[in-house]
Amino acid sequence: MHRSSELRELAPVLRDLNRLLLRTGPRQAGIAPLPPSEADLLRLIVHQPGLSPGRLAAAMQMKPSNISAALRHLAELGLVSRQVDPADRRSGRVLPTDRAVENARRIEDARARMLEEALGDLAPHQVEAILRAVPALRALERALHARTERAAGATGSVAERPSGRDGKAG
């Protein structure tokens, strides 16, 4: 197989694995699943608490009105709260509730268990290859984010997307 055909397979494989883990994790943790965009938003809020709705919209590459609607729903579910920013009383900050943080921990634990169980079905050399690939996949994520940000700077159309606790994907 040529490199270009391998690269064409990479994105769908990553997408399918991600989709499976994101959809199955809440169910395995015994938590009612959220719509995908709200789940992504809540994951960002849990891993980067205190962002303003505007920063959340930019990070999620969503319209502010859609973020506002999602935040209202998450607040109704008791998963987020809004606070006035003490540094700038004109703006607000969005924080996860204790329930949201606990749900996120349970979902992440469930996903880790799912991965561990599935890795148990693979040959040892496959498990080793997958685990060795994690740092390279993180580097690929950073490179893609950097390219996206550079392109956005040229067109002004795409915002930076923080993705995890420490800038890594969540």
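The values are calculated or read from the model by the stated rules, or taken from the named source; none is laboratory data. No experiment lies behind these values; they were computed from the predicted model shown. No Cβ is skipped: glycine too gets one built from the backbone with ideal geometry, and neighbour counts run over all protein chains shown. For accessibility, only protein heavy atoms count, side chains too; no ligands or nucleic acids. Shrake-Rupley method; radii C 1.70, N 1.55, O 1.52, S 1.80 Å.
Looking only at the range 107-121, which residues are assigned to a helix (DSSP H, G or I) and of a type outside the set (D, E, K, R)?
The answer is ILE107, ALA110, ALA112, MET114, LEU115, ALA118, LEU119.
Name, by its number, the condition in (1) open to solvent by 30 Å² or more (accessible area, probe 1.4 Å); (2) within 29 Å of ASP16 (Cα to Cα); (3) assigned to a helix (DSSP H, G or I) that does not hold for LEU71.
(1)
So is ALA104 in contact with an Asp or Glu (Cβ under 6 Å, 6 or more places away or on another chain), touching a residue at least 12 places away in the same chain (Cβ under 8 Å), part of a helix (DSSP H, G or I) and open to solvent by less than 60 Å² (accessible area, probe 1.4 Å) or not?
Answer is no for this residue.
How about the range 1-51: which of its residues are open to solvent by less than 40 Å² (accessible area, probe 1.4 Å), within 18 Å of HIS73 (Cβ to Cβ) and either aromatic (Phe, Trp, Tyr) or part of a loop (DSSP other than H, G, I, E, B) (or both)?
Within the range 1-51, just ILE31 meets the criteria.
Considering (1) open to solvent by 90 Å² or more (accessible area, probe 1.4 Å); (2) within 16 Å of ASP40 (Cα to Cα), say which one ALA58 fails and leave the rest.
(1)
Please list, ordered by first then second residue, the pairs with beta carbon atoms under 8 Å, 6 or more apart or interchain, first in the range 122-141 and part of a helix (DSSP H, G or I), second of a type in the set (Lys, Arg).
ARG138/LYS168; GLU141/LYS168
Go through the range 75-101 and report how many residues are surrounded by 11 or more Cβ atoms within 10 Å (Cβ to Cβ) and farther than 13 Å from LEU51 by Cα.
Residues flagged as surrounded by 11 or more Cβ atoms within 10 Å (Cβ to Cβ) and farther than 13 Å from LEU51 by Cα within the range 75-101 amount to 8.
So the check is Cβ under 8 Å with 6+ separation or different chains; which pairs have a first residue in the range 86-101 that's without any contact (Cβ under 8 Å) to a residue 24 or more places away in the chain and a second one that's assigned to a loop (DSSP other than H, G, I, E, B) and surrounded by fewer than 13 Cβ atoms within 10 Å (Cβ to Cβ)?
Correct list of pairs: THR97/GLY78; ARG99/GLY78.
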